[in-house]
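K.L.:
The structure's right below; bear with me while I get my questions together.
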Amino acid sequence: MVLRKVLAMSVAIKQNPQNDRHYTYADYLTWDDDIRYEIIDGVPYAMAGANLAHQVISGELYSQLHGFLNGKPCMVLAAPFDVRLNAESHDDIVVQPDLLVVCNKFKLDDKSYKGAPDMVVEILSPSTAGRDKLVKFNKYLKAGVKEYWIVDPERKIVEVYVLRGTSYIASVYSENDVATVNVLKGCQIDLKDVFGGLST
């Protein structure tokens, strides 16, 4: 009797992915909820927890974007929230940007956004910087994300990439600048407030 209970419990435990196979969003939904993952081209990547600087920056950016969008048709969402960049094809790219702005709410369901958000923000950390600046950069570009912000807490700069045709046009803002959100007409982000909560 005890053995049967143990076996029943083991079946109910969600599995963690291995690196030796190709995964999709359907697989992703079966994984352990206590560990956050992203999938890029079917390969799973465990995500590290956010540090204080990351939380301060994310919170201030969210606050400014949310305040601007109040009463407007677009909305800002904060991680963890799944973005399925190729949901209509292989569905093997699932990312969790730190922030995303979406204007097409028909692509939203309770758990994910299917397709390219209008804007994505990634806040760099030592463990994710390479992926954010190269791998995810190219995936966001290919998927058609209109605006991609890379926020660097160490250097206190924001790299803004705006989609023009099939390429990104880059601008760089420092901690004392006011950065323009190109996909939201009239929206400007005061970076003094974004970086102001960080220790010098």
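The values are calculated or read from the model by the stated rules, or taken from the named source; none is laboratory data. Owing to the predicted nature of the structure, the values given are computational and were not obtained by experimental measurement. Don't worry about glycine lacking a Cβ; one is built from the backbone with ideal geometry, like all the others, and counts go over all protein chains shown.
K.L.:
Would you tally the residues in the stretch 158-185 being in a strand (DSSP E or B), β-branched (Val, Ile, Thr) and either in contact with a Lys or Arg (Cβ under 6 Å, 6 or more places away or on another chain) or over 22 Å from Glu60 (Cβ atoms) (or both)?
P.N.:
The total comes to 1.
K.L.:
Let me ask something else about it. Could we say that Met119 is under 21 Å from Asp190 (Cβ atoms) and either surrounded by fewer than 19 Cβ atoms within 10 Å (Cβ to Cβ) or modelled with pLDDT under 95 (or both) here? It would help to see each step written out before you state the result.
P.N.:
Details: under 21 Å from Asp190 (Cβ atoms): yes; either surrounded by fewer than 19 Cβ atoms within 10 Å (Cβ to Cβ) or modelled with pLDDT under 95 (or both): no.
No.
K.L.:
Name the residue, out of Val145, Val83, Val94, Val43, that is farther than 22 Å from Asp27 by Cα and among the aliphatic types (A, V, I, L, M).
P.N.:
When all the criteria are applied, what remains is Val145.
K.L.:
Hey, another quick one. Answer with yes or no whether Val151 is hydrophobic (A, V, I, L, M, F, W, C), outside any loop (DSSP other than H, G, I, E, B), in contact with a strand residue (DSSP E or B) (Cβ under 8 Å, 6 or more places away or on another chain) and modelled with pLDDT of 95 or more.
P.N.:
Details: hydrophobic (A, V, I, L, M, F, W, C): yes; outside any loop (DSSP other than H, G, I, E, B): yes; in contact with a strand residue (DSSP E or B) (Cβ under 8 Å, 6 or more places away or on another chain): yes; modelled with pLDDT of 95 or more: yes.
Answer is yes for this residue.
K.L.:
Sticking with this structure for a sec: Yes or no: the stretch 99-115 includes at least one residue that is in contact (Cβ under 8 Å) with a residue 12 or more places away in the chain and among the acidic types (Asp, Glu).
P.N.:
Within the stretch 99-115 (the criterion being in contact (Cβ under 8 Å) with a residue 12 or more places away in the chain and among the acidic types (Asp, Glu)), the answer is no, since none of the residues qualifies.
K.L.:
Test each condition in (1) in contact with a strand residue (DSSP E or B) (Cβ under 9 Å, 6 or more places away or on another chain); (2) in contact (Cβ under 8 Å) with a residue 60 or more places away in the chain; (3) of a type outside the set (Val, Ile, Thr) for Ser125 and report the one that comes out false.
P.N.:
That leaves (1) as the condition not met.
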